[in-house]
Amino acid sequence: MPTNVTAEYLAAEEEYRQAKTIPEKIRALEKMYATVPKHKGTEKLRLQIKRKLAELRKELEKQQSQRKGGGYSFSVKKEGAAQIALAGLPNVGKSSLLKVLAGVEADVADYPFTTVEPIPGMMKHKDVQIQLVEVPGLIEGAALGKGMGTQLLSVIRNADAIAIVVDLSQDPINQMEIILREFERAGIKINKRKPKVEIRRMPTGGIVINGQDLIQGDVSEVMKMLREEGIHSAEITVKEPVTLEEFSDALDESLVWRKAIIIANKGDAPGSKENYEKLVKAYGDRFKIVPVSAKKKANIEILKEELYELADIIRVFTKSPGEEPSYPPIALKKGSTVLDVAERIHKDFAKNFKYARVWGKSAKFPGQRVGPDHVLEDGDIVEIHVR
């Protein structure tokens, strides 16, 4: 035990020792992690706390799934180019937003829990359909089993991206702290990139680590983590400098990594300007924040554009030789290639691909002849030639 820990840390450690239930242990460990001094001497301690938290969260999830025993759960089938979850505390205006963005007639009222199950709707923007899913209001302790919290968070985990809705008539900082804490407890990493560590399991051969010099910490701790995860034979490739905690995150298959923006709703309410400024000061460097009023329909077109950007998609128009581009466009993830377009049209196009011609931002000149690995950009026109 380091001698320079704070009194707050020691109190949290005592709380952990006294804890009887998994949620109590998780809360105490979170306090320990938040209060432990961050320097080289506490690196292993922070890692131990983080690993224990991950272990307890998995155990809690297992308990809850056994308790439900095939009972009530939520599932929203993905449709359109991408699925974005509208998440926030109760009564922040998610239903009103879904109505103005997607035309869905959900129940709207000035009291909490009007929405009791996820409601999907399709938002059309730039000739593309994006699925929005209104998730019922989350409450503090949702990830620890309160209410239908774990089921609701599973819907959010499954989405391609998240729009966090806050109410500018209330304290937005408190709202964000609750939401981000529940996301962290549920293993949802927001606006962070998964560390570039590849793990290829093998039947034999022991542990081989490529790029070992990029690990910023004791490699014996890495070997310990691998054993704890039941990995005894694998080729590990570290592609960038990583701390031990980052390596632990890369190893944890229960984590999901999602992009998110903040929708600052009720911008027409008294005190909203001051609360918006507080929100920008606290979270503006980490999130794109879009101030709107669903009630007044203010900034809705700007919000649609931001949701389109959040979906991380591009539109690609296809055409046949000598003809005009087809409509509507094909929606693909950013970074998609000509071969992805061919596969979307028909598997035979991909199988018999010869070359393609491209017009648009990704082409050096109109009608450039390209191969299957050519990366496309938004608005490109693609003409595929087959054998």
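Pop the C-beta distance of K126 and R181 into the FRET formula with R0 = 45 Å and round what comes out to the nearest 0.05.
Working: r = 35 Å, r/R0 = 0.77.
Plugging the Cβ-Cβ distance into 1/(1 + (r/R0)^6) gives 0.80.
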Of the residues F287, F353, F365, which exhibits the maximal mean-square fluctuation in a Gaussian network model of the chain defined by a 10 Å Cα contact cut-off? F365
What figure, in Å² to the nearest 10, do you get for the accessible area of E184 with a 1.4 Å probe and non-protein molecules left out? 70 Å²
What shape does the stretch 316-387 have by the C-alpha gyration tensor, where a ≥ b ≥ c are the square roots of the eigenvalues, rounded means a/c under 1.5, and otherwise prolate means a/b greater than b/c and oblate the rest? rounded
Here the FRET efficiency for K334 versus A19, based on Cβ atoms and R0 = 51 Å and rounded to 0.05, is 0.70
With N set to the residue count of the chain, report its C-alpha Rg divided by 2.2 N^0.38 Å to two decimal places. 1.14
Pairs of alpha-carbon atoms within less than 8 angstrom and 6+ residues apart define the contacts here; what relative contact order does the stretch 203-269 have, in percent? 38 percent
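Quote to one decimal, in nm, the extra length available between Y355 and A34 on full extension: 0.36 nm per residue of separation minus the C-alpha distance between them. List each step's numbers first, then the result.
Working: separation 321, 0.36 × 321 = 115.56 nm, distance 5.50 nm.
That pair, Y355 and A34, stretches by 110.1 nm at full extension.
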Relative packing of peptides 288-298, 127-137 - highest average C-beta neighbours within 10 Å first: 127-137, 288-298
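Report in % the part of the accessible area of the chain that belongs to carbon and sulfur, leaving out ligands and nucleic acids; probe 1.4 Å.
Numbers: 9700 of 19680 Å².
Result for the chain: 49 percent of the exposed heavy-atom area is carbon or sulfur.
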Cα extents of the stretch 126-252 along the principal axes, largest first, in whole Å, come to 56, 39, 26
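Using helices alone, I'd like the mean residue ellipticity at 222 nm for the chain: each DSSP H run of four-plus residues gives -39500 (n - 2.57), total over residue count, nearest 500.
Numbers: 12 runs with 139 residues, N = 387.
Helix-only estimate at 222 nm: -11000 deg cm²/dmol.
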Relative contact order as a percentage, the chain, C-alpha pairs under 8 Å and 6+ apart, gives 13 percent
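Taking only complete DSSP H runs, can you tell me which helices of the chain stretch 18 Å or more along their own long axis by Cα positions and average at least -0.5 on the Kyte-Doolittle scale? Mind showing how you got there, number by number?
Details: long enough: 22-35 (20 Å, -0.33); 43-68 (38 Å, -1.73); 172-185 (20 Å, -0.44).
Long hydrophobic helices here: 22-35, 172-185.
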Listed residues A102, A250, A356; largest mean-square fluctuation, Gaussian network over the chain with Cα springs below 10 Å, found at A356
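Does the stretch 233-277 come out rounded, prolate or oblate, given a ≥ b ≥ c as the square roots of the eigenvalues of its C-alpha gyration tensor, rounded meaning a/c under 1.5 and, failing that, prolate meaning a/b above b/c? Walk me through the numbers before you get to the answer.
Working: a/c = 5.16, a/b = 3.65, b/c = 1.41.
Prolate shape, in that a/c is at least 1.5 and a/b is the bigger ratio.
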Pair E79, E277: separation of 7 Å Cα→Cβ label points (nm): 4.4 nm
Give me, ordered by chain and number, the residues 5 or more places off Q368 or on other chains with an amide H under 5 Å from its own placed amide H. V358
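The values are calculated or read from the model by the stated rules, or taken from the named source; none is laboratory data. Everything quoted here is computed from the prediction, not taken from an experiment. All Cβ positions, even for glycine, are placed from backbone atoms using ideal geometry, and neighbour counts span all protein chains on display. Areas reflect the complete protein model, heavy atoms only, side chains present, ligands, DNA and RNA absent. Shrake-Rupley method; radii C 1.70, N 1.55, O 1.52, S 1.80 Å.
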